[in-house]
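Everything on this sheet refers to the single structure shown next.
The values are calculated or read from the model by the stated rules, or taken from the named source; none is laboratory data. A quick note: this is a predicted structure, and the numbers were derived from the prediction, not measured. Here the Cβ positions follow ideal geometry from the backbone for every residue, glycine too, while neighbour counts run over all protein chains shown.
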Amino acid sequence: MKVDSKVVLLGSENIGKTCLVHRIFKGTFRGEYENTIGAAFCAKRFNVEGKTVTLGIWDTAGAEKFESISEQYTRNSDAAIICYDVTDKPTFEKAKQWIVTMKRDQPKCKIYLTGTKHDLPNQIISDSVASEYAYIEDCFHIRTSSKNNINVTELFYKIAKDHLTRQHPVTLPRESINLTRQTMRNPNVVDCSKC
Ligand SMILES: Nc1nc2c(ncn2[C@@H]2O[C@H](COP(=O)(O)OP(=O)(O)OP(=O)(O)O)[C@@H](O)[C@H]2O)c(=O)[nH]1
Ligand SMILES: [Mg+2]
């Protein structure tokens, strides 16, 4: 199976990284917590505007003892989903550290700062604070809920679409720019060994 784009999920433990993967692969919410050991790999095919992009997704473990292992999975990654839990400030601080690390070590990697558990009421990190930070750091920012299925598909399609844009930059003559609504087809699972 040919992977077009390497994606790595990073962030503190217990913040919903594996649940994001589970939601996009299985279409359901994984309620019970089972911490990731080391990392898990899945590949999934996305059809974006008539083209196919296969994302190879590394779901890393957030526990501190696995941090050096997680760093190994960042090598040559095209996209990093750096997660924080919107109800937990220390996880936002950890996400900021990951952004610094990735910009230093993997400067070509595009960063998607992702606030998880957007369904919960006690949100400590506001959208404006996180978005402003992401803007300054030149990252994409989105808030998701694997539980209520908010923005999970949008996040992975955005990564697939950005990959296509990088491969085939659009150069339209000014006069013929025509904005059309993006059409998304259902994702097609290629392989998921862990979730
Ligand atoms: N309310 C709510 N809970 C969530 C959401 N996503 C994950 N959780 C819960 O958060 C806990 C941790 O989820 P995981 O996806 O296993 O966390 P993780 O970031 O992969 O953790 P590590 O593997 O230890 O790094 C589980 O109990 C999930 O049910 C969400 O969108 N909303
Ligand atoms: Mg996990």
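Suppose the filter is at pLDDT below 95, farther than 22 Å from LEU20 by Cα, of a type in the set (S, T, N, Q) and more than 14 Å from ligand 1 (Cβ to nearest atom); does SER176 pass it? Working first, answer last.
Numbers: at pLDDT below 95: yes; farther than 22 Å from LEU20 by Cα: yes; of a type in the set (S, T, N, Q): yes; more than 14 Å from ligand 1 (Cβ to nearest atom): yes.
Criteria met by SER176.
Where residues in the stretch 38-64 are over 20 Å from MET1 (Cα atoms) and modelled with pLDDT of 95 or more, which of them is farthest from ligand 1 (Cβ to nearest atom)?
The extreme case among them is THR60.
Considering each residue of the stretch 22-47, count those that are more than 8 Å from ligand 2 (Cβ to nearest atom) and closer than 19 Å to TYR73 by Cβ, and give that number. I'd like the intermediate steps shown before the answer.
Keep residues of the stretch 22-47 that are more than 8 Å from ligand 2 (Cβ to nearest atom), which gives 22-33, 37-39, 41-47.
The next check asks that each one be closer than 19 Å to TYR73 by Cβ; those that pass are 22, 24-25, 37-39, 41-44.
The number of residues fulfilling the criteria is 10.
All but one of (1) closer than 22 Å to ILE24 by Cβ; (2) of a type in the set (A, V, I, L, M); (3) touching an Asp or Glu at 6+ places or on another chain (Cβ under 7 Å) hold for ALA63, so report the exception by its number.
Every condition holds for ALA63 apart from (1).
Just one of (1) touching a residue at least 12 places away in the same chain (Cβ under 8 Å); (2) surrounded by fewer than 20 Cβ atoms within 10 Å (Cβ to Cβ) trips up ILE136, so point out which.
Among (1) touching a residue at least 12 places away in the same chain (Cβ under 8 Å); (2) surrounded by fewer than 20 Cβ atoms within 10 Å (Cβ to Cβ), ILE136 violates only (1).
When you go through (1) out of contact with any Phe, Trp or Tyr (no Cβ under 6 Å at 6 or more places or on another chain); (2) of a type outside the set (Gly, Ala, Ser); (3) at pLDDT below 95; (4) within 16 Å of ligand 1 (Cβ to nearest atom) one by one for ARG181, which number turns out not to apply?
(4)
Within the stretch 103-118, is there a residue that is touching a Leu at 6+ places or on another chain (Cβ under 7 Å) and among the hydrophobic types (A, V, I, L, M, F, W, C)?
Checked against the condition, which is being touching a Leu at 6+ places or on another chain (Cβ under 7 Å) and among the hydrophobic types (A, V, I, L, M, F, W, C), the stretch 103-118 yields no hits at all.
So, restricting to strands (runs of 3 or more DSSP E) that lie completely within the stretch 1-75, which ones have at least 3 residues that are surrounded by fewer than 22 Cβ atoms within 10 Å (Cβ to Cβ)? Step through it out loud before you land on a result.
Numbers: elements: 5-10, 39-48, 51-60.
It comes to 39-48, 51-60.
What residue, of THR91, THR87, THR18, is touching a residue at least 60 places away in the same chain (Cβ under 8 Å), within 20 Å of TYR133 (Cβ to Cβ) and out of contact with any helix residue (DSSP H, G or I) (no Cβ under 8 Å at 6 or more places or on another chain)? Write out each step before concluding.
On the way: THR87 fails: touching a residue at least 60 places away in the same chain (Cβ under 8 Å); THR18 fails: within 20 Å of TYR133 (Cβ to Cβ).
Selected residue: THR91, the only one of THR91, THR87, THR18 that is touching a residue at least 60 places away in the same chain (Cβ under 8 Å), within 20 Å of TYR133 (Cβ to Cβ) and out of contact with any helix residue (DSSP H, G or I) (no Cβ under 8 Å at 6 or more places or on another chain).
Can you pull out every residue in the stretch 76-102 that is away from ligand 1 (no atom under 15 Å from the Cβ) and within 16 Å of the chain's Cα centre (by Cα)?
ASN76, SER77, ASP78, ALA79, LYS96, ILE99, MET102
Which residue pairs have Cβ atoms under 6 Å apart, sit 6 or more places apart or on different chains, and have a first residue in the stretch 110-129 that is over 21 Å from LEU55 (Cα atoms) and a second that is of a type in the set (Gly, Ala, Ser) and assigned to a loop (DSSP other than H, G, I, E, B)?
Between residues of the stretch 110-129 that are over 21 Å from LEU55 (Cα atoms) and residues that are of a type in the set (Gly, Ala, Ser) and assigned to a loop (DSSP other than H, G, I, E, B), the close pairs are LYS117/GLY16.
Are any residues in the stretch 135-145 among the polar types (S, T, N, Q) and either farther than 12 Å from THR116 by Cβ or over 12 Å from the mean Cα position of the chain (by Cα) (or both), and if so, which ones? Walk me through it before giving the result.
So the first thing to find is which residues in the stretch 135-145 are among the polar types (S, T, N, Q), and the list is 144-145.
Scanning the stretch 135-145 gives a single hit, SER145.
Only residues that are assigned to a helix (DSSP H, G or I), in contact with a helix residue (DSSP H, G or I) (Cβ under 8 Å, 6 or more places away or on another chain) and under 11 Å from GLY11 (Cβ atoms): list them for the stretch 94-120, please.
LYS96
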